[in-house]
Amino acid sequence: MLMVASAEVDVVAKMLCKSIDPESKASSINAYQEIITRAYPDLHQEKIEIPKHGLTLSPWSEWVEEKSPPLWWQDNNK
């Protein structure tokens, strides 16, 4: 599930980068971070709630620091 979700994030992040900057050649999580956080500087504060399981997640919280991939991204790469 993590691999499928990460692959989808990769596709959507690439498309979002192109939308923000049509000249973007971003193809890595750090490159995505640079472009996306420039357009959405508070993304690291966003929370996702999954009430059915009593979960509140902050999937982009590591993006408060430059070139800091999300933990779930690092776990997927391992």
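Miscellaneous remarks
- Of (1) 1.49; (2) 1.11; (3) 1.21, the label for Cα Rg over 2.2 N^0.38 Å derived from the coordinates: (2)
- Applying both filters, DSSP loop and at most 16 other Cβ atoms within 10 Å, to the trypsin sites (Lys or Arg not before Pro) of segment 1-39 gives 25.
- Cα-based Lys pair tally, the chain, threshold under 20 Å, eight or more apart or on separate chains: 5
- In the chain, a dipole from Cβ-located charges (positive for Lys and Arg, negative for Asp and Glu) runs towards its positive end, and of 40, 29, 64 it is 29 whose Cα lies farthest in that direction.
- Relative contact order for the chain, counting Cα pairs under 8 Å that sit 6 or more residues apart, in percent: 25 percent
Computed from the coordinates by the stated procedures, all read-outs in this text should not be read as laboratory data. In this text, all values refer to a predicted model and were calculated from it rather than measured experimentally. Positions of Cβ are generated from backbone atoms using ideal geometry, with glycine treated the same way; all protein chains shown enter the neighbour counts.
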